[in-house]
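Written below as C-alpha cells is the structure these notes are about.
The values are calculated or read from the model by the stated rules, or taken from the named source; none is laboratory data. Quick caveat: nothing in here was measured; it's all calculated off a predicted structure. Every residue, glycine among them, receives a Cβ derived from its backbone with ideal geometry; neighbour counts consider all protein chains shown. For the accessible areas, the whole protein counts, side chains as well, though only heavy atoms, and no ligand, DNA or RNA atoms are used. Shrake-Rupley method; radii C 1.70, N 1.55, O 1.52, S 1.80 Å.
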Amino acid sequence: MELRNVTEFSEFFLLGLSEEAELQPLIFGLFLSMYLITVLGNLLIILAVSSDSHLYTPMYFFLSNLSLVDICFTSTTIPKMLWNIQKQNRAITYEGCITQMYFFLLFAGLDNFLLTVMAYDRFVAICHALHYMVIMNPRLCGLLVLVPWIISALHSLLQCLVLLQLSFCPELEIPHFFCELNQMIHLACSDNFLNNMVMYFGAVLLGGGPFVCILYSYSKIVSSICRMQSAQGKYKAFSTCVSHLSVVSFFYGTGVGVYLSSAVTQSSYSNATTSVMYTVLTPMLNPFIYSLRNKDIKRALKRFLGMVVIKGPVVLWLKNFT
C-alpha cells in the first residue's frame, strides 16, 4: 500500500453523521438548537453564580467552571460541523484538524477532572462538615482548577505530538463529525502501535483514575450518611449530591456506551452517532440537572432574570431621555 506523509495533503474530509443530502437540513437544525441551548443554559449558570454573593462557595465555583468548560467543549466540534453542512463542504485543513483534536481532548479531560473535584468537594462537605471552609479554602479551590488545566493541556499536547509522527494513506476521509483521536490513528498507514499505547494509557490514567476517585468519594459519603441518626439530616446530605451524581452517571454512562458500541459494531456512522451522547447531550443537560434540583440555583436564576427584565426598560428609557 502506498504511504504518503500527511504534509503532502492540505485537508481531511469529515463525513459527518450521514451522507444523505435530504437529512442535512434536519441535522443542521437539530444540532444548531442543541448548541444554542447548551451555550445559553451554561451561560445562565455562570451569570447566576457570579451575580449572587450567596453562591460564592466552593461548590458553585466549581459548577461555574464546569459550565464554562462545557461551553468550550461543544464549541470545538459543533460550529465546524454546522459550517460544513451550511457550505456543503466537508473539508477541514490538517492544521484545523489537529487544533480541533487538541482542544477537544483538553476540554474532555477538564470535564472529567472537574467532576472529580466536585465529588471531592461533596466528600469534604458531608464527611468533614465542621472543617469544610477551612479545608476548601480559596487557595486550594484555585489549585483544584488550575492543576486539571495543566494536566489536560499536557496530555492533549502529548497526543497531538505523537499523532504528528504518523504517515497517512491517500484516503483521508474521517467517518465522524469531528477529528476524533481514535479515528485519526486508524486512518494512518504507518505503524501506530505507539499512538495506541499512548491513547490507551491516557484513557486509563485520565479517565479511569478520576472515576476511581469519584467512587471512593461517594463510598465515604454513603458511609457517612448511613451513620447519621436524623432522617432529615440524611435527606439533606443526600440531596446535595443528587445533581452531581446524575451528571457523573450520565457522563460516564454515555462514555461506556460509546466504547461498547464501537466494540460491538463496525459501523463508523454508528460510532459517530453514539458520540453525540457525551459530546453534545451531556453538556446540554447539565444546566437543567443542576437548576431543576437545586433551590439556590433556581433562586439565583430568578433573581438574575428579574434584574435583566427590570434593568432593560430602565436603560432604554435613560438612553431615550438623554
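In table form, for the structure just shown:
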| quantity | calculated |
| --- | --- |
| Answer from Cys97, Cys127 - the residue that is surrounded by 14 or more Cβ atoms within 10 Å (Cβ to Cβ), within 22 Å of Ile27 (Cβ to Cβ) and either among the hydrophobic types (A, V, I, L, M, F, W, C) or in contact with a Leu (Cβ under 7 Å, 6 or more places away or on another chain) (or both) | Cys97 |
| Residue ranges of helices (runs of 4 or more DSSP H) in region 254-322 with at least 2 members at pLDDT below 80 and open to solvent by 40 Å² or more (accessible area, probe 1.4 Å) | 268-276, 295-321 |
| Candidate set: region 34-70, residues that are within 20 Å of the chain's Cα centre (by Cα) and open to solvent by 60 Å² or more (accessible area, probe 1.4 Å); chosen: the one farthest from Lys295 (Cα to Cα) | Leu36 |
| Selection from region 166-175 of residues that are surrounded by fewer than 21 Cβ atoms within 10 Å (Cβ to Cβ) and either modelled with pLDDT of 90 or more or touching a strand residue (DSSP E or B) at 6+ places or on another chain (Cβ under 8 Å) (or both) | Leu166, Ser167, Phe168, Cys169, Pro170, Leu172, Glu173 |
| Tabulated pairs, region 36-53, first over 11 Å from Pro283 (Cα atoms), second among the hydrophobic types (A, V, I, L, M, F, W, C) and surrounded by 14 or more Cβ atoms within 10 Å (Cβ to Cβ), C-beta under 6 angstrom, 6+ apart or interchain | Leu47/Phe304; Ala48/Ala300; Ala48/Leu301; Ala48/Phe304; Val49/Leu55; Ser51/Phe304; Asp52/Ala300 |
| Test: residue in region 217-236 that is out of contact with any Lys or Arg (no Cβ under 8 Å at 6 or more places or on another chain), modelled with pLDDT under 90 and under 23 Å from Asn286 (Cα atoms) | yes |
| Count of residues meeting criterion [in contact with a Leu (Cβ under 6 Å, 6 or more places away or on another chain) and open to solvent by 60 Å² or more (accessible area, probe 1.4 Å)] in region 134-151 | 0 |
| Failed item, numbered, when Phe178 is tested on (1) of a type in the set (A, V, I, L, M, F, W, C); (2) open to solvent by less than 10 Å² (accessible area, probe 1.4 Å); (3) closer than 19 Å to Phe251 by Cβ; (4) part of a helix (DSSP H, G or I) | (4) |
| Ser217 vs. criteria free of Cβ contacts under 8 Å to residues at least 60 places away in the same chain, under 24 Å from Asn112 (Cα atoms), out of contact with any strand residue (DSSP E or B) (no Cβ under 7 Å at 6 or more places or on another chain) and not basic (Lys, Arg) | no |
| Extreme residue, surrounded by the most Cβ atoms within 10 Å (Cβ to Cβ), among residues of region 188-210 that are in a helix (DSSP H, G or I) and touching a residue at least 60 places away in the same chain (Cβ under 8 Å) | Pro210 |
| Residue among Ala119, Ala91, Ala153 that alone is closer than 22 Å to Phe177 by Cβ and of a type in the set (Gly, Ala, Ser) | Ala91 |
| Long-range neighbours under 6 Å by Cβ, at least six apart or interchain, first residue among the acidic types (Asp, Glu) within region 277-303, second assigned to a loop (DSSP other than H, G, I, E, B) | none |
| Test set (1) at pLDDT below 95; (2) over 30 Å from Ile135 (Cβ atoms) - Val39 fails condition number | (1) |
| Positions within region 97-128 being free of Cβ contacts under 8 Å to residues at least 40 places away in the same chain and of a type outside the set (A, V, I, L, M, F, W, C), in sequence order | Thr99, His128 |
